[in-house]
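S.K.: The structure that follows is given in the form of structure tokens.
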Amino acid sequence: MKRNYFIAAIATLVMASCGNTQQKEDYSWIKTSLNRSASQLLLTAHEIDGTGKLPRSIHVGYDMDFLIRQLERDTATFVDSLRKKPAPEMDGKRRLCSVYDWTSGFYPGSLWYAYELTGNKELETEAAKYTNLLNPVRYYKGTHDLGFMINCSYGNARRLAYADTIDAVMVETADNLIGRFNDSISCIRSWDFGTWNFPVIIDNMMNLDLLFTVSKMTGDAKYKEIALKHADKTMANHFRPDYTCWHVVSYNNDGTVERKQTHQGKNDDSSWARGQAWAVYGYTSCYRETGDKKYLDFAVNVADMIMDRVKTEDAIPYWDYDAPVTEETPRDASAAAVTASALIEMSTMVEDGQKYFDYAEKILKSLSSDAYLAKEGDNQGFILMHSTGSLPNGSEIDVPLNYADYYYLEALQRYMKLKGIEYKNL
Ligand code: GLY
């Protein structure tokens, strides 16, 4: 690993020291994207000021016949899961969420990344303000998503504007997250709702970064040990031989599997696009934190599967790899953004890293095109268009999502760092 990091670091130095490299390659798309991102995030900050809430997506309804066509099922099989459609006056308006929503950390996190990338102090002020809003989450125990919520907000605050009060928030949250770990099952419990005995979702891999960070912060290995036990059990049971994964694996109390499902995908055996992205990101993180090659090999296999299975020309996947490919099939820009971020990191860890870097670059250029990047003032202040939350539940179909924006900015940050690109030189 060290050797590959060394090679990546030398490459970065060479690129950075060849003052002309930046002029030769056209990075105007990055400048456009960062300026657009900053203005969209600030527009949102001003418009939601005083609500005590955070931006999540846009209220939209769904068309039953469209769902039936996408799911290739008959009405009766999924009618129970349908969500309430928004009231007509809410249709197309910004959907806000409370600090206890699983997505609450992404908007503050996006503000932090945009501040980091542009140096715009107004973004820093808003980032601190919206991060502080999440302070009560440190007492919350009701979900595994605590990692997303606190690591993306406070974790970035700690990195960019350190204050010792941040550590206590992160440690208390990590304690609450490991409080959901069950020794006999060897996993962190994901959800507290539904009829599953002990549901673990692939998304849970994303919450491990908080535990890795807190282990380093405190010097206490227990957070990391629990994270790795969770990762190992997930590796053993969530994946099919072709490295696609189920979304939900529920366990019996003795640690045996109760049930495998894909709650937000086309059907239980389909490959839900965002789930595959969470998987490649999660195991890349595990390798970064351990240097254990089994995680890297696994992440590479998942990455190769993604690159093989995503057939769209722009590399932005449809919402599920097994969805019927038609004109009306929605994309999931969030899955693409998560994948791009993971693959840029992975590209520094493997000998043939260039192909992962190139694929991530292709995704980033697609997301930065007019097809996905919102026009200034449009899209209710979100940066990217065309993500899908939970199609089978009639929820957030072909809308902006705050986590698409977050991972897009994170991927841009990783891309720029690796290439030695600075905003002031663009
Ligand atoms: N973590 C929920 C989702 O990816 O939709």
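The values are calculated or read from the model by the stated rules, or taken from the named source; none is laboratory data. Please read all numbers here as calculations on a predicted model, not as lab measurements. Neighbour counts are summed over all protein chains in view; Cβ atoms, including those assigned to glycine, are modelled from backbone coordinates with ideal geometry. Each accessible area value is taken on the protein alone, full model and side chains, heavy atoms only, with ligands, DNA and RNA left out. Shrake-Rupley method; radii C 1.70, N 1.55, O 1.52, S 1.80 Å.
S.K.: Working only with C-alpha atoms, what are the Rg and Dmax values of region 299-419, expressed in angstrom?
M.R.: 14.1, 43
S.K.: Go ahead and estimate [θ] at 222 nm for the chain from helices alone: -39,500 (n - 2.57) per DSSP H run with n ≥ 4, summed, over the residue count, rounded to 500.
M.R.: -15500 deg cm²/dmol
S.K.: Ranked by accessible surface with a 1.4 Å probe, highest first, in what order do 386, 238, 46 come?
M.R.: Per-residue accessible area, sorted high to low, gives 46, 386, 238.
S.K.: Within the accessible area of region 310-426, what % is carbon and sulfur when the probe is 1.4 Å and the other protein chains stay in place?
M.R.: Summing carbon and sulfur atoms, their accessible area is 46 percent of the total for region 310-426.
S.K.: I would also like to ask the following. Rolling a 1.4 Å sphere over the protein heavy atoms, what is the accessible area per residue of the chain, to the nearest Å²?
M.R.: Using a 1.4 Å probe on heavy atoms only, each residue of the chain averages 40 Å².
S.K.: Kindly sort 218, 195, 339 by accessible area of their heavy atoms, largest first, with the probe set to 1.4 Å.
M.R.: If we order 218, 195, 339 from most to least accessible, we get 195, 218, 339.
S.K.: Looking at region 356-425, which GluC sites (Glu not before Pro) are DSSP coil and have at most 13 other C-beta atoms within 10 Å of their C-beta?
M.R.: Answer in residue order: 376, 422.
S.K.: Follow-up. Spelling out what I want: for every residue of region 111-127, take phi, set θ = phi - 60°, compute 6.51 cos²θ - 1.76 cosθ + 1.60 (Karplus), and round to whole Hz; glycine and proline get x.
M.R.: 3J(HN,Hα) across region 111-127, in whole Hz: 4, 4, 4, 5, 5, 4, 7, 10, x, 6, 5, 5, 5, 5, 4, 5, 4.
S.K.: Please compare each pair in 260/294; 93/375; 233/266 to a cut-off of 19 Å on the Cα-Cα distance and tell me which ones are over it.
M.R.: 260/294; 233/266
S.K.: Could you work out the longest stretch of the chain that avoids the trypsin sites (Lys or Arg not before Pro) located in DSSP loops with at most 13 other Cβ atoms within 10 Å?
M.R.: After excluding every exposed loop site, the longest remaining stretch is 142-310.
S.K.: Could you list the GluC sites (Glu not before Pro) in region 31-113 that lie in coil according to DSSP, counting only those with at most 15 other Cβ atoms within 10 Å of their Cβ?
M.R.: 72, 89
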